[in-house]
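Take a look at the structure set out below.
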Amino acid sequence: MDKMVKLFSALSDETRLRIIKLLEAGQRCVCDITAALDMSQPKVSFHLSILKEAGLVSDTKDGKWVYYRLAEGDLFSRFLLVSICEKYSNGDDISRLGNSCEMRACK
């Protein structure tokens, strides 16, 4: 039951839904996510840690960079992630992400 509470608690915040939608296209570094969301790095990292604790995202370290992607969780979690990505729209975030990737300060 605790896992379900963490899962739905993680999904109860719009910022975390926006992050999930950004990760739909593949893994992203924290600097790309902060640029797309137009938020500070500590705030984005806080939300990513909640998503990670809930088992919705996983991370990979490459030097000083941390890359996040949607987790390969259980079937229920995957179904929720697919449903969110299908229903939730955040075109402004995607647009800012495209601009960030072109300027790529983290590479």
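Table for the structure above
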{"item": "Rel. contact order, % - alpha carbon contacts under 8 angstrom, at least six apart, the stretch 2-103", "result": "36"}
{"item": "Estimated inter-spin distance, R69 and Q27, nm [label 7 Å along Cα→Cβ]", "result": "0.5"}
{"item": "Pairs of lysine residues in the stretch 2-103 - Cα separation under 15 Å, sequence separation of 8 or more or cross-chain", "result": "6"}
{"item": "Relative contact order of the stretch 30-87, defined on C-alpha pairs under 8 angstrom at six or more residues apart (%)", "result": "24"}
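Computed from the coordinates by the stated procedures, all read-outs in this text should not be read as laboratory data. Since this is a predicted model, take the numbers as computed values, not measurements. Because the Cβ atoms are built from the backbone with ideal geometry, glycine has one as well, and the counts that use them run over all protein chains shown.
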